[in-house]
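First comes the structure, then the notes that go with it.
The values are calculated or read from the model by the stated rules, or taken from the named source; none is laboratory data. These numbers were taken from a predicted model, which means no experiment stands behind them. Backbone-built Cβ (ideal geometry, glycine too); neighbour counts: all protein chains shown.
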Amino acid sequence: MRALICTFGFDADKIILAMKCIKHDRLVLVTGTDNLEHDSFDRISSLCERLRTPFEVMTTDKFDMMASMSVFQDLVWRLRSEGFAVSIDIGGGVHTLSLAALLTAINLGIETWHIDREPIRLPVLSGVSISSRLSSEQRALLLQIGPGARMDGLRLPGNRRDAVKRVLLELKRSGMVRVESALPDATVTLTEEGMVCRQNMMRGPSKADRLTG
Amino acid sequence: MVSIMGTLGFRPETILPTIRSTEGLQRVVVFHSDHVRSREAVAEVGDICEQMGLRFSHHEVPDAFNFMRVSKAIQDEIAAMRAAGDVLHVFNVAGGTRIMSACALLVCTLEGVNCVYVHDDTLEEIPLPMLQIRYSDVLTPVQRDVLRYLLAHRGEDITQKGLGLAFGLHKATVNHHIKELVARGAVQLMPSPKDSRIKLIKVEESMELLLGRP
């Protein structure tokens, strides 16, 4: 089963084009509350009813990018837990909404489209989440760090101190952790990127996503 | 040289927080549309940069609603900046058309560049969770070469057999790589119009962005 998430502003034609281009068994629109009062919303809603397409709407503060990212993230995880493989179309709505959808798609490894004048499949690799772009050693340390950890308490298989330092440096370079104070009492905390990644590792993709991308 | 880049719309104030927050800033580069108000905003940012003794350059994107063209323009500029040895500190994606912002965010992900957004009302600068790792690194060198080959031969009928001959690889090896690329959505297998038993390998033009500029 496939779910199609679309960002929506006032343009029903973009959504209809997305429905024609992308295979789906459920349509979810993410939009601002005021957009629900628009005629174009009623047009999509009645079309879905006639097509017998399960249809759902999520509202968000469309000008708050971080809040919208949270909405997308929770939505994707919920759909995945219900067994859906997910696609996202970021072509509608205000640009904060599109950016939030795009960043969520990149971080969670979701098939992404930009459907506007023409459909464009974006080079976001399916199933490649933010955490799968890390090595197994990097992932092991991220899980240990959690809300914060002393550097000397971190361990990797084989208990190699040099490996811990090397992997921490790699994580720092990729923007995942910050080292708070000087050695030997250094503590390591996760950056925003690190937290997204850790959260992603702890939830993981659904079986449907693993099978179909 | 420490540089920042940004997409700019009608409001110069969307890029100012990044100019203020970047330590040791030396250069500012903006992308904008050909709209008169966008040009006015560019002129104002240019004046501010001049007063601060910062190098300023701007790129007018002729069709700010063309996803591929805007993305390639941004990717080319990042490649040129890196080739010149400049440090791209951050990309501000707050201004410009929705397409320009989305293109910038996508290219920054692909190139492993830091991004910030500026809140519309509060003008607070918000760092976005981006990895500073080139996105295409998740593909193997062979997979990247295969994608490059397919992009260079777009429009031609390429089969797994043909690919094996071109790369001198065993058909099972080619099949393995193609399966991986299909699973990631990087390529598609389509039946040949001449003989439906033959599967042609098709690649989206946008995958060019994934591989980056040479």
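One residue stands out among those in the range A:105-137 that are free of Cβ contacts under 8 Å to residues at least 60 places away in the same chain and assigned to a helix (DSSP H, G or I): the one that is farthest from B:Asn66 (Cα to Cα), which is A:Glu137. Of all residues in the range A:152-165, one or more are assigned to a helix (DSSP H, G or I) and among the aliphatic types (A, V, I, L, M). Condition check for A:Arg166 on (1) modelled with pLDDT of 80 or more; (2) surrounded by 15 or more Cβ atoms within 10 Å (Cβ to Cβ); (3) not aliphatic (A, V, I, L, M): one failure, at (2). When you check B:Val174 against the structure, is it more than 30 Å from A:Arg173 (Cα to Cα), outside any loop (DSSP other than H, G, I, E, B) and either at pLDDT 95 or above or touching a Leu at 6+ places or on another chain (Cβ under 7 Å) (or both), yes or no? In short, yes. Residues that are surrounded by fewer than 19 Cβ atoms within 10 Å (Cβ to Cβ), touching an Asp or Glu at 6+ places or on another chain (Cβ under 6 Å) and at pLDDT below 95: list the helices (runs of 4 or more DSSP H) wholly contained in the range A:1-82 that include at least 1 such residues. Hits in the range A:1-82: A:65-81.
Picking from residues in the range A:171-184 that are in contact with a helix residue (DSSP H, G or I) (Cβ under 8 Å, 6 or more places away or on another chain) and surrounded by fewer than 17 Cβ atoms within 10 Å (Cβ to Cβ), the one that is farthest from the other protein chains (Cβ to nearest Cβ) is A:Pro184. Among A:Ala163, A:Ala101, which is away from chain B (no Cβ under 11 Å) and either out of contact with any Phe, Trp or Tyr (no Cβ under 8 Å at 6 or more places or on another chain) or over 22 Å from B:Gly212 (Cα atoms) (or both)? A:Ala163 is the lone residue from the list that is away from chain B (no Cβ under 11 Å) and either out of contact with any Phe, Trp or Tyr (no Cβ under 8 Å at 6 or more places or on another chain) or over 22 Å from B:Gly212 (Cα atoms) (or both). Apart from one condition, A:Gln73 fits all of (1) over 18 Å from the mean Cα position of the chain (by Cα); (2) of a type outside the set (D, E, K, R); (3) within 17 Å of A:Glu111 (Cα to Cα); the exception is (1). Residue check: is A:Asp116 of a type outside the set (Val, Ile, Thr) and within 10 Å of chain B (Cβ to nearest Cβ)? It is true that A:Asp116 is of a type outside the set (Val, Ile, Thr) and within 10 Å of chain B (Cβ to nearest Cβ). Taken together, the residues in the range B:111-137 that are within 7 Å of another protein chain (Cβ to nearest Cβ) and surrounded by 19 or more Cβ atoms within 10 Å (Cβ to Cβ) amount to 6. If you check B:Val93, B:Val61 for being among the hydrophobic types (A, V, I, L, M, F, W, C), at pLDDT below 95 and touching a strand residue (DSSP E or B) at 6+ places or on another chain (Cβ under 7 Å), only one passes: B:Val61. When the residues of the range B:138-159 are filtered to those that are part of a loop (DSSP other than H, G, I, E, B) and among the polar types (S, T, N, Q), which remaining residue is surrounded by the fewest Cβ atoms within 10 Å (Cβ to Cβ)? The residue in question is B:Thr140.
Of all residues in the range A:100-110, none are in contact with a helix residue (DSSP H, G or I) (Cβ under 9 Å, 6 or more places away or on another chain) and under 16 Å from A:Asp34 (Cα atoms).
Considering the range B:71-100, the residues that are more than 12 Å from B:Met5 (Cα to Cα) and within 11 Å of chain A (Cβ to nearest Cβ) include one that is surrounded by the most Cβ atoms within 10 Å (Cβ to Cβ), namely B:Gly96. The C-beta contact set for the range A:83-95 (first residue more than 9 Å from chain B (Cβ to nearest Cβ) and touching a residue at least 24 places away in the same chain (Cβ under 8 Å), second residue in a loop (DSSP other than H, G, I, E, B) and of a type in the set (S, T, N, Q), distance under 7 angstrom, 6+ apart or interchain) comprises A:Gly83/A:Ser206.
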